[in-house]
1. Which of the residues that make up the stretch 12-30 are in contact with a strand residue (DSSP E or B) (Cβ under 8 Å, 6 or more places away or on another chain) and within 27 Å of VAL72 (Cβ to Cβ)?
2. Looking at this structure, is ILE49 more than 16 Å from ARG13 (Cβ to Cβ) and modelled with pLDDT of 80 or more?
3. Name the single residue, out of those in the stretch 33-49 being closer than 26 Å to TYR59 by Cβ and loosely packed, with under 12 Cβ neighbours inside 10 Å, that is farthest from the chain's Cα centre (by Cα).
4. Any idea which of SER76, SER66 is hydroxyl-bearing (Ser, Thr, Tyr), out of contact with any Cys (no Cβ under 9 Å at 6 or more places or on another chain) and surrounded by 10 or more Cβ atoms within 10 Å (Cβ to Cβ)?
5. Filter the stretch 28-65 down to the residues that are within 17 Å of TYR16 (Cα to Cα), free of Cβ contacts under 8 Å to residues at least 12 places away in the same chain and part of a helix (DSSP H, G or I) and list them by number.
6. Could you check the stretch 18-32 and list, in sequence order, the residues that are more than 15 Å from PRO61 (Cβ to Cβ) and among the aliphatic types (A, V, I, L, M)?
7. Cβ-Cβ distance below 7 Å, separation of 6 or more or different chains: which pairs start in the stretch 5-17 with a residue that is closer than 16 Å to ASN63 by Cβ and surrounded by 10 or more Cβ atoms within 10 Å (Cβ to Cβ) and end on one that is modelled with pLDDT of 75 or more and not charged (D, E, K, R)?
Amino acid sequence: RQMSLLLRRPPGREAYPGDVFYCHSRLLERAAKLSDAMGKGSMTALPIIETQAGDVSAYIPTNVISITDGQVFLSSDL
C-alpha cells in the first residue's frame with residue numbers, strides 16, 4: 001500500500017501498484033546493459049526475493065518468477 005501511495009498510483013492486487021510487473025521487468029532488463037563505449041553486451045541479473053514463511057505463491061515472488069528464466073529456492077535455515 002505504501003508503494004502505491006508513494007508512486008501516486010491506484011493499488012492493484014495485494015495493494016501493489018497495477019504496473020509493478022512492468023516496473024520489475026524494466027529493472028531486470030536494464031540491470032547491466034553495457035554501452036557501446038564499454039564494449040556492448042549485457043550481464044545476467046540475479047534477483048533475490050525473501051519470502052514470508054517460505055510462501056512463493058505471494059504476488060512479488062510469482063511476479064519475479066514469471067519474469068526470470070529459472071529459479072533457485074533456498075531454505076532460510078541455510
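1. CYS23
2. Yes.
3. THR44
4. Only one candidate passes the filter, namely SER66.
5. THR62, ILE65
6. Answer for the stretch 18-32, where residues must be more than 15 Å from PRO61 (Cβ to Cβ) and among the aliphatic types (A, V, I, L, M): LEU27, ALA31, ALA32.
7. Pairs that qualify, where the first residue is closer than 16 Å to ASN63 by Cβ and surrounded by 10 or more Cβ atoms within 10 Å (Cβ to Cβ) and the partner is modelled with pLDDT of 75 or more and not charged (D, E, K, R), are ARG13/TYR59; GLU14/TYR59; TYR16/TYR59.
The values are calculated or read from the model by the stated rules, or taken from the named source; none is laboratory data. If you're wondering where the values come from, they're calculated on a predicted model, not measured in any experiment. Heads up, the Cβs are rebuilt from the backbone with ideal geometry, glycines too, and the neighbour counts pull from every protein chain shown.
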